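Report on one structure; see the data block that follows.
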C-alpha cells in the first residue's frame with residue numbers, strides 16, 4: 001500500500017508540474033514579438049501554458065517586489081532585472097536576449113526629416129513613455145537632451161504609462177508624433193497607418209534587454225525551460241523580423 005501511495009504521489013506531482021502555467025511579466029515593447037515566440041514555443045511544447053502580462057518594466061518590478069505571482073521577467077533593459085537580483089527577488093543569471101531600437105512614428109507628419117519635424121507648428125503633442133519606469137522613454141528623453149531640444153519641446157510632451165501606450169497615443173491621433181519601439185511600429189496596423197524614423201543609435205544608450213527567473217513560493221521548472229527557449233540563437237530570425245538586434 002505504501003508503495004502505491006508513493007507512486008500515485010509521484011504521478012500527481014508529474015501531472016501538476018507538466019500543467020503548470022508559465023507566468024511571464026514582459027516589457028510592453030515585446031507585445032508582438034513575444035506572442036510569436038509564445039506560439040512557436042507551444043508548437044514545440046503542445047502541453048505548455050504561457051500567460052504573459054505586459055507593462056512598463058519599472059511598474060512590473062514594483063509588482064514583483066510587492067508579491068505579484070510571476071515566474072519569469074523580460075525587461076526593456078538590463079538594470080531592472082539586476083535590481084531584482086540585488087533585492088533577492090530573482091534567481092540565476094540575468095541574461096540579455098536582444099537589443100531594442102528607438103523610433104519616431106507619425107500618421108500625419110513627415111518624420112523622414114528627423115528631429116526638425118518636432119518643431120513644426122502642426123505638432124502639438126509628442127508622446128513619450130514615462131522615463132522613470134520605461135527604458136524606451138528614458139532613452140527618448142536622453143536623445144532629445146543630447147541634441148539640445150528637450151527644454152524647447154517640454155510643453156508638447158505627453159508622458160504615457162509605457163511604450164505601447166505612447167505608440168497608441170500617436171496611432172489614435174492624441175499625439176502627432178510618438179517615440180516608441182521599432183518592434184511596435186512594425187505591427188501591421190501601425191505599419192500601414194504611418195511612417196517611422198529610426199533614431200541614430202549613437203544618440204542614446206544601447207537598449208540592452210535582459211531577462212531573469214523570479215523567486216516564487218512554488219518552483220516552476222517550466223519557466224526555466226521557457227527562458228532557455230527565449231535566449232536560444234535559433235530565434236534570431238524572429239527577433240530581427242521585429243526590429244531587434246541579437247548581438
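What the table below lists for this structure:
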{"read-out": "Residue-averaged [θ]222 nm for the chain, counting only DSSP H segments that reach four residues, each worth -39500 (n - 2.57)", "value": "-11500 deg cm²/dmol"}
{"read-out": "DSSP bridge pairs, the chain: antiparallel proportion in percent, nearest 5", "value": "55"}
{"read-out": "Rounded to 10°, Cα long-axis angle of helix 221-230 versus longest principal axis of the chain", "value": "40"}
{"read-out": "Rounded, prolate or oblate (a/c below 1.5 giving rounded, otherwise prolate when a/b exceeds b/c) for the stretch 102-203 by Cα gyration tensor", "value": "rounded"}
{"read-out": "Packing-based ranking, highest mean first, of 178-184, 210-216, 221-227 given that Cβ atoms within 10 Å are counted", "value": "178-184, 210-216, 221-227"}
{"read-out": "Option label - Rg/Rh (Cα atoms, Kirkwood Rh) computed here, alternatives (i) 1.01; (ii) 0.94; (iii) 1.06", "value": "(iii)"}
{"read-out": "Angle in degrees between helix 163-172 and the longest Cα principal axis of the chain, rounded to the nearest 10", "value": "50"}
{"read-out": "Gaussian network model of the chain, Cα within-10 Å springs - most flexible of 152, 130, 202", "value": "202"}
{"read-out": "C-alpha long axis of helix 31-44 to longest principal axis of the chain, angle in °", "value": "30"}
{"read-out": "Highest-MSF residue in the chain out of 194, 88, 55 [GNM, Cα springs under 10 Å]", "value": "88"}
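Any read-out appearing in this document is the output of simple, stated calculations on the displayed coordinates, not a laboratory observation. Remember, it's a predicted structure, so these values are computed and weren't measured experimentally. Positions of Cβ are backbone-derived with ideal geometry, glycine not excepted, and every protein chain shown enters the neighbour counts.
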